[in-house]
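The structure under discussion appears below in the form of structure tokens.
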Amino acid sequence: MTVLVTAASRHGATQAIAHEIARQLRAAGRSARVLEPEAVDTLDGVDAVVLGSAVYRGRWLPEARNLAARLEPDLAHRDVWLFSSGPVGEPPRPTDDVADAARAARLTHAREHRVFTGRLDLSCLSRGERAGARRLHAGDGDYRDWYEIRCWATQIADQIASDHDTDSGPESPGTHPGHGPIEERHP
């Protein structure tokens, strides 16, 4: 069972989350590789996908949106988990739902979508991004909850193992094992 972990990241914080998810999956005995979304041409040899994106102004980055749209038919026949990274500050803001993640969840029939807090380094941001951060009253800081990220990756590994062990024959048309409602969780 090979899991592809791919995430669009502008300043590296979301990419670090993708690498940690892959590391946890490997620690749980799963084969996992990390690629940037624009490097994913095919899902041949991939059984499951974890797709994520940094969130700016309430939107996923174009690379993640494009991957979901471009590989929609292939993703719909694999187990898919989604994550967004972006809320920053104490308490984390913004708290709005990520419309792009909801659309990607519909396109891919994702099992789940998680929102993780992100990292903010104002010195790395463009003028427009800094203005947006000021509107949120968010200061520099790494707000990522590594424990939560590791737990989620372990849950994915457990779900893959459970589904693989209990795979019981043909599926109904248009479905695949374990796909239920998408759980929206906000930190």
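The values are calculated or read from the model by the stated rules, or taken from the named source; none is laboratory data. In this text, all values refer to a predicted model and were calculated from it rather than measured experimentally. Using ideal geometry, Cβ is built from the backbone for each residue, glycine included, and neighbour counts are taken over all protein chains shown. Heads up: the accessible areas ignore ligands, DNA and RNA and are worked out on the full protein's heavy atoms, side chains in. Shrake-Rupley method; radii C 1.70, N 1.55, O 1.52, S 1.80 Å.
What to note about this one:
- Residue that is under 20 Å from Arg144 (Cβ atoms) and surrounded by fewer than 18 Cβ atoms within 10 Å (Cβ to Cβ), where the choices are Arg57, Arg33: Arg57
- On the stretch given as the stretch 1-24, residues that are closer than 18 Å to Asp163 by Cβ, touching a strand residue (DSSP E or B) at 6+ places or on another chain (Cβ under 8 Å) and surrounded by fewer than 24 Cβ atoms within 10 Å (Cβ to Cβ) total 3.
- Those helices (runs of 4 or more DSSP H) lying entirely in the stretch 71-187 with at least 3 residues touching a His at 6+ places or on another chain (Cβ under 9 Å) and at pLDDT 70 or above: 99-108
- Filtering the stretch 57-79 to residues that are farther than 17 Å from Glu36 by Cβ and of a type outside the set (D, E, K, R) leaves Gly58, Pro73, Ala76, His77.
- Considering the conditions (1) closer than 25 Å to Met1 by Cβ; (2) out of contact with any Lys or Arg (no Cβ under 8 Å at 6 or more places or on another chain); (3) outside any helix (DSSP H, G or I), Val55 is excluded by exactly one of them, (1).
- From Val50, Val80, Val98, residue being open to solvent by 10 Å² or more (accessible area, probe 1.4 Å), β-branched (Val, Ile, Thr) and within 14 Å of the chain's Cα centre (by Cα): Val98
- The residue of the stretch 10-41 that is farthest from the chain's Cα centre (by Cα), among those that are over 19 Å from Trp152 (Cα atoms) and at pLDDT 95 or above, is Asp41.
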